[in-house]
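All of the numbers you see were taken from the coordinates with simple rules; none came from a lab. Here the structure is a predicted model, which is why all the values come from computation and not from measurement. Note that each Cβ is placed from the backbone with ideal geometry, even for glycine, and that neighbours are counted across all protein chains shown.
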Amino acid sequence: MVNIKELEKHLLEVEKPARYIGNELNSIIKNKQTVNLRYAFAFPDIYEVGMSHLGMHILYGLLNSKEDIWCERVFAPWIDMEEVMKENDIPLFAIESKDSISEFDMVGFTLQYELSYSNVINMLKLGDIPIRSADRDESYPLVIAGGPCAMNPEPVYNIFDIFVIGEGEEVLLELCDLYKEERKGNYSKEEFLKKACKIEGIYVPEFYEVTYNEDGTIRERIKTYDEAPDIVKRRIIKDMDNSYFPEKMIVPFIDVVHDRVVAEVLRGCIRGCRFCQAGMIFRPFREKKPETILKQINMLMEASGHEEISLSSLSTSDHSQLETIIIELLKQYGDKKVGISLPSLRLDSVSFDLIEQLQKVRKSGLTFAPEAGTQRLRDVINKNLTEEQILGPLKTAFDLGWSTVKLYFMFGLPTETMDDVYAIKDLAYQVKDLFFQRPKEDIKGNLKVTLSAACFIPKPFTPFQWAAQDDMETFYQKAHNASRIIKDNKVKFNYHDPKTSFLEAIFARGDRRLAEVIIDACDNGCKFDGWTEQLKFYTWSEMFTKNNIDASFYANRLRDVDENLPWDFIDIGVSKNFLKNEYKKALAGVTTPNCKEKCSGCGMLQNHIGGVCDRV
Amino acid sequence: MFKYTIRYTKTKELKFISHLDTLRVMQRAISRLNLPICYSEGYNPHMKMSFGYPISLGVESVGEYFEIELKENIDPMIIATSLADSLPLNMKIVDCVRYEGKDSLMARTAFNDYSLVLDEFESTVEELKKVALAIVNEGIEYTKIRKKKKKPKVCNTKDYIEKMEVLGSEGKMVAMNISFKLTETGSMKVSEVIDMLREQGIAFKYYNAIKLETYDRDRKPLIYR
C-alpha cells in the first residue's frame, strides 16, 4: 500500500482530491489475501472521464461477480497529482486498495481513443512497470488491452502482452480462468501466452512479425509460433438479454462527465454510415427486450438514486420497442423528477409524441448529426437523410417549444468540395428561417443553433479505410471559409482542432513502425494529447522526424484497395469485399439501405450471431 | 410540511469531498429511499434540503447537520435508520429530530468546536500553549485573502476564536481543542489557524482536524436532548 499519510498530506495540494480516494458507494473491497486474481482496470484518462465509460462499469461488475477475482480501478493522475507523486515517490495505485499497480496479476487498459496511447505508457512508467512486453518477466503483471482501438492494435503492438478483440463479457473471463489454471502449476508467461492465443478473440502480438515493401506498405505477416492463429476473430455476444450487465454501478462523489444511470438498450447499428467504425465493428444490430432493459434500469436506480436515466446505444431510436420502454419509464419515474435522456437520436424516426412526454419531465437541447451540408455528400457517406427529413422534425420540435439545436458536421469527407462546405451555412440558415417563419404567437424561446464541425478521420474496418484525410492546411481553410460566411448571432460555429485529428488519423491506421514514436513522445513529455491545452504537437512532429517516419504516409495517403492493411489479420465478421464495394458505391454517390430494409450481404449473416440478421 | 434536522458524520477519506459533493450524496440517498421529500416550484425543481456552514476540504467532522422537508410526518428514527443504511462507509447518521422552528441551520449556528492534532510535532508544548494564549487573549492580526477581486481584510484572531486549549502530547503528536465563533463578519478557517501557528514558529509536518460539534447561541448542540 502506498504511504497513505504522505498521500493525504499532498491531496490538498491538487485539484479535486476526491479523484484519488475511492470508497464510493458500490465500489468493491475484497480481501487481497484470499482472491486468486487481482485485476487493475486501467482507464487512460482522468477519473471523471473514466467513470463515465459504461464499458468499465460492465467489466468491473463482471470480474467482481467472481468471488476469487478482485477488480479495482486505476485512472491517469492529472498533471498536478503526477508531480506530487513523483516528488514523493508515490507509485501509481489502484483506488480501492491503494496498492501499486505493479502488485497486480493483470493490468487491463481500455483503448477508447488513439490519443490516449501516451497516457497508457505514462501510467506504466508511474507504476514502475516496464513499458515493452518483451521486458516484462513473470514478476510483473500481464498488461492487456481491449476496446475499439484494439481493432488496429499494431501501433502499440510491443507494449501489450495480449489484445482482446471484440466484446469482452465472455472472453475476459475465459482469459482469467486460463490464468488461474496456469498459476496453479509452474507458471511461465511464455506458456500462458501460447495457450491464450488459441482463445477466440485473443491476439498475442509477439507471435507475429511484419515485413515491408520498398514503398512502405506491408509485404507480409509471418507467424513465429506456428500454433498461433492466422486470423483473429472478433468476439461477439449473441444473447444480449442474458449477457452480464451489472445490477449496481459505482456512484462517484464528484461531478463526472455523465452523472446518470446508463442503460445499454442495444448493440450495433443498422445504418451503415460509411465513415463510422463503431457501426461496422459492433455488427450485427442486437436489441435487448424491453423487460430486460426495464429490469436493469430499476436495479441501477435503486442502487444509485441518480436524477437521470440515459438510454444509450449507437442509434437508440432504432430500437423497435422504444416507445413501449419510454412510456413504462415515464410511468415509473415521471413523478420522481427523473430525467430521461436519449442521446444518439436519428432525425428521421423520431416520434414526437414521445419527445413531448420527455419534455414534460426535463427539458434538454436537441442534437442531430447531418454530417454533410449537401444531399450529394450525404449520399456518399450513406447518411440516408433528405433535407425534408432534417427540416421536418426540426419544425415539429420548434412548434413543441424547443429552441436549442446542435448540429454535427464533418469536414474532409471523401469527394467533398468547397460547395459542400458552404452548404453547411445554407442548412443552418434554413433551420433559422424555419424557427422564425412561423406566426409570432407560436415562437417560444430564444433560438440557439450550434454547428460543430469535426475533421474526418478514416478508420480501419470502414468503407473509407482507404481514403486520404485532408491535410491540416485544407482543414483550416475549410473551417475559416465556413466561419467567414456564418455571420448570424443566432448561429454559433465551432470546429475541432485539425492537429489532434491529424494525430488521431496517423495512429488509427498506423502500423508497428509507430510504436517507438509513441514511446519516444511519452519520454519527451507527451501526455493527455486529447486535451487541447496539453497537446505538444511540436514534440510529436519532432518524434516522427527523429524516428524517420513520414506521418502523412499514414494519414493523408490515398491507399490502393489491394494494399495489405495492418489490421487485415482481424476478422470482424464484415467482409473486406463488402467494404470495397461500399467504397466504390460511395465514390459513385450510391446509397445502401439499412439492415432492416434490406440485407446487403456484409458477411455477418454467415457468422450466425442473430440480431437483425435473423430477419433475413 | 414537516422539517427534520439530521446529524451526520463525514470522516476519513470523505474529508476530500466538497460540500457540494456531500449535498449530492445526500440527495441521491434520499432519492434511493423514496422518502416523500418536498420539491421547490419552477422549471428545475430541486429537493428541499439545506445544510449548515460548510467545513473546509480536508477537515473531518462528527458534528454535521442538514435539514429536509417532507410531505408526510414520518418517525425520525425511521428516517435515521433508513438513511444510515444508504450512505457510504464513512458517512454515518447520528441522530434525527422533528424541527418545529422557523430558523435555518445557518441562522441557528453560533460556535464550531474542533479537535486539532499536530503530527511529527517539532516544537514544545510550552511554546504552543503560549501561542494559543496569545491567539485568544490579546489576539493576533492576520490578513484574510478573499476571492473575486475583494480587497484583503485585516482580521484579529480573538474575534473568531473563543477558546484554544492544548490538551497534551503523546510521542510526536499534540492534541488541541479549538472553539470558533461564527459572527456577522465571518469566522476563521482551520487552514488559517494552521498557517498562523506556523507563522508564529510552531513546527509540525502533518495535521488532522476534526469538527466535533456545532452549537447554537446558548452553547447547545443543534440537536439537543
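Observations on the structure shown:
- Counting only alpha carbon atoms, the long axis of helix A:576-587 and the longest principal axis of chain A meet at about 30°.
- Taking every DSSP helix (H) stretch of at least 4 residues in chain A, weighting each as -39,500 (n - 2.57) and dividing the sum by the residue count yields a mean residue ellipticity at 222 nm of -10000 deg cm²/dmol.
- For the protein assembly as shown, the alpha carbon convex hull comes to 193 Å³ per residue, rounded to a whole number.
- Charge-dipole axis of the stretch B:68-108 as Lys and Arg at +1 and Asp and Glu at -1 on Cβ define it, positive-most pick from B:81, B:94, B:104: B:104
- Separation of alpha-carbon centers, the stretch B:80-136 and the stretch A:582-605, rounded to whole Å: 67
- For the stretch A:514-558, the list of GluC sites (Glu not before Pro) that fall in a loop by DSSP and count at most 14 other C-beta atoms within 10 angstrom reads A:533.
- Near residue A:495, the amide H atoms lying under 5 Å from its own belong to A:453; only residues 5 or more places off or on other chains count, and H is placed 1.01 Å from N.
- Over 14 Å [Cα-Cα, the stretch A:74-115], rounded percent: 56
- In degrees, nearest ten, helix B:190-199 long axis to first principal axis of chain B (Cα): 10
- Within the shell defined by Cβ-Cβ distances under 11 Å, the residues around residue A:499 carry a net charge of -2, with Lys and Arg each +1 and Asp and Glu each -1.
- Summing Lys and Arg as +1 and Asp and Glu as -1 over all other residues whose Cβ lies under 13 Å from the Cβ of residue A:578 gives a net charge of +4.
- Vicinal HN-Hα couplings computed from phi for the stretch A:253-258 (Karplus, 6.51 cos²θ - 1.76 cosθ + 1.60; Hz; Gly/Pro x): 6, 8, 5, 10, 4, 10
- Checking Cβ-Cβ separations below 4.7 Å across chain A identifies A:71, A:149, A:176, A:197, A:269, A:455, A:522, A:526, A:595, A:599, A:602, A:613 as cysteines lacking any candidate disulfide partner.
- Our note on the geometry: Cα centres of the stretch B:1-20 and the stretch A:77-99, 28 Å apart.
- Whole-Hz ³J(HN,Hα) from phi, Karplus 6.51 cos²θ - 1.76 cosθ + 1.60, for the stretch A:190-195, glycine and proline x: 4, 5, 4, 5, 5, 6
- Centroid-to-centroid separation of the stretch A:401-439 and the stretch A:7-65 [C-alpha atoms, Å]: 42
- For the stretch A:68-199, fraction of C-alpha pairs farther apart than 22 Å, in %: 38
- Taking every DSSP helix (H) stretch of at least 4 residues in chain B, weighting each as -39,500 (n - 2.57) and dividing the sum by the residue count yields a mean residue ellipticity at 222 nm of -7000 deg cm²/dmol.
- Each other residue within a Cβ distance under 13 Å of residue A:9 adds +1 if Lys or Arg and -1 if Asp or Glu, for a net charge of -3.
- Taking max minus min of the alpha-carbon positions on each principal axis, the stretch A:397-498 gives extents of 52, 30, 21 Å, largest first.
- All-pairs Cα distance distribution in chain B, expressed in whole percent, bin size 10 Å: 7, 30, 32, 20, 10, 1
- The 3J(HN,Hα) values that the Karplus relation (6.51, -1.76, 1.60; θ = phi - 60°) gives for the stretch A:449-457 are, in residue order, 10, 10, 9, 10, 10, 9, 9, 4, 10 Hz. Gly and Pro appear as x.
- Peptide ranges A:104-110, A:369-375, B:74-80, B:31-37 listed from the most packed, as the mean C-beta count within 10 angstrom indicates: A:104-110, A:369-375, B:31-37, B:74-80
- For residue A:72, the residues 5 or more places off, or on other chains, whose built amide H falls under 5 Å of its own are A:39, A:40, A:41.
- For the stretch B:20-150, the Cα-based Rg and Dmax, in that order, read 19.8, 60 Å.
- Rounded to the nearest 10 degrees, the angle from helix A:290-304 to the longest Cα principal axis of chain A is 70 degrees.
- Of the GluC sites (Glu not before Pro) in the stretch A:1-93, the ones in a loop by DSSP (not H, G, I, E or B) with at most 14 other beta carbons within 10 Å are A:13, A:15, A:67.
- Summary value for the stretch A:427-554: 24 percent relative contact order, contacts being C-alpha pairs under 8 angstrom separated by 6+ residues.
- Simple rule: put +1 on each Lys or Arg Cβ and -1 on each Asp or Glu Cβ in the protein assembly as shown, find the dipole, and look at A:261, A:554, A:4; the Cα lying farthest toward the positive end is A:261.
- The mean number of Cβ atoms from other chains found within 10 Å of a Cβ in peptide B:28-40 is 3, as a whole number.
- In loop segments of the stretch A:357-437 as defined by DSSP, the trypsin sites (Lys or Arg not before Pro) with at most 15 further C-beta atoms inside 10 Å of their C-beta are A:363.
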